[in-house]
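Read through the structure below, which is laid out as structure tokens, and then see the notes.
The values are calculated or read from the model by the stated rules, or taken from the named source; none is laboratory data. Just so it is clear, the model here is predicted, and its values are computed rather than measured. A quick note on method: Cβ atoms are made from the backbone with ideal geometry, for glycine too, and the neighbour counts reach across all protein chains shown.
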């Protein structure tokens, strides 16, 4: 609490800048966040961690702690899908800015590097965008910074109680994102660099394994999987194994344009050098470099993200800025004496902030013109429209298969099936078997009342190639869409209604619904 109050005033300006950049996004929430919203609501309502009441539990989200966090606000009746996640994320960002200042003081004995870090984060498009997306990014970064701050605070005087609490923080990171468990390595490596404290490694590893092990056992018995269903899907379907150089170039955009890959390369070299035992670097300095290298490795381990603007690089961006300014300050302090080093550091910091403000302002505006799958757009496109279809046709127990399920799960009055497979384990298991297995499962086992497919999902299912499809379904509307901007390859996208849902009672309603597209067979 003392740390929070001590540094809060220094956070005011960076946080106000962050808020201004956030306002540019208005009410944008990415549709994937709606999956966590729906799971959280179902849990709060007593239906369990399920995508739809009555369905078997499938872990269709990869942010367990964030989902629990949101479930609490559903439970107390304070959840709004547009306001609540943004307010919570803003609070977490504010706490993160305070922690960055405190960590900067521990590493460099000054808060100037932390102030520079916060100013740059406040204008950084990937950081601003994904901490406003409704996803777990703000919580994930905040917990990693709590881990760094607490590790450095207790390192000089360790005890069993402190080690257990540190393991709890590590566990919280691991259940916020499964790849977060890799951050548990950081403190173990720091202990290895200090022989007198190496005896604590066993206690730390044992308690961390115990906590994570209990959670994994819960996950297996509850969801019948060792990892979230989303991980199996994303690693199978994502174009993750792209050229390494392409991924390195892409990472350069985390802090600006193409040229920023140069300081990142130097930062990587600095980090490797910092781990050389003979250099006798301070524990604080070495630990931040270890965390940076872990965040870098996680970015390359994870599959490529179709959402753009480096969603998986949020921790890397934070730690990179902190290290760049820490290294810069230490270097200037060595070369210059007195206030000269601080003045030089301030000038360089202002230069970085000015450039970043200009560059990221352009990127933020571009993103706002074409944001990643907006939650409200999916709401109006699918659940609102198909809820009205079901009402017009007076359908009870209707169901709907589609790929954009965030807002659909949250707002739909009819049962939702996830065509991507994130929330549907059966579809996930059928995908490797090929199109025929998917078609058989959808048409003869799942039997959704409505189907909507577009783009790559139309190609993946290729229902229009199955001779039974038009016998079982009638097209409400369909069209040929270009796939991946390839002008020579088109796929059929559209909305379809199962024929056995058409009865003598709703026949006239069908005519008015389909207009001229209703075909009699």
Exercise. Taking the options 253, 299, name whichever one is at pLDDT 80 or above, in the same structural domain as residue 188 (by TED's automatic domain parsing) and in contact with a helix residue (DSSP H, G or I) (Cβ under 6 Å, 6 or more places away or on another chain).
Key: 299
Self-check item: Check on residue 76, free of Cβ contacts under 8 Å to residues at least 12 places away in the same chain and farther than 17 Å from residue 410 by Cα
Solution: yes
Quiz prompt | Filter result (surrounded by fewer than 18 Cβ atoms within 10 Å (Cβ to Cβ) and in a loop (DSSP other than H, G, I, E, B)) within the stretch 280-303 | solution = 280, 281, 282, 303
Practice problem: Quick one: which residue in 233, 248 is part of a helix (DSSP H, G or I), touching a helix residue (DSSP H, G or I) at 6+ places or on another chain (Cβ under 6 Å) and modelled with pLDDT under 95? | Solution: 233
Quiz item: What is the number of the single condition among (1) in contact with a helix residue (DSSP H, G or I) (Cβ under 8 Å, 6 or more places away or on another chain); (2) in contact (Cβ under 8 Å) with a residue 24 or more places away in the chain; (3) surrounded by fewer than 21 Cβ atoms within 10 Å (Cβ to Cβ) that residue 409 does not meet?
Solution: (3)
Exercise. Could you please find all residues in the stretch 11-30 being crowded, with 16+ Cβ neighbours inside 10 Å and over 16 Å from residue 121 (Cβ atoms)?
Key: 28, 29, 30
Exercise. Those residues that are out of contact with any helix residue (DSSP H, G or I) (no Cβ under 7 Å at 6 or more places or on another chain) and under 17 Å from residue 424 (Cα atoms), I need them from the stretch 370-406; list them, please.
Key: 399
Quiz item: Is it the case that the stretch 33-43 has a residue that's closer than 20 Å to residue 312 by Cα, part of a loop (DSSP other than H, G, I, E, B) and in contact with a strand residue (DSSP E or B) (Cβ under 9 Å, 6 or more places away or on another chain)?
Solution: no
Exercise. List the helices (runs of 4 or more DSSP H) that sit entirely inside the stretch 51-152 and contain at least 1 residues that are buried (at least 22 other Cβ atoms within 10 Å of the Cβ) and in contact with a strand residue (DSSP E or B) (Cβ under 9 Å, 6 or more places away or on another chain).
Key: 125-130
Quiz item: Of these, 151, 125, which one is over 30 Å from residue 27 (Cβ atoms) and in the same structural domain as residue 321 (by TED's automatic domain parsing)?
Solution: 151
Exercise. Starting from residues that are within 32 Å of the chain's Cα centre (by Cα) and at pLDDT 75 or above, keep the ones in the stretch 470-521 and report whichever is farthest from residue 390 (Cα to Cα).
Key: 493
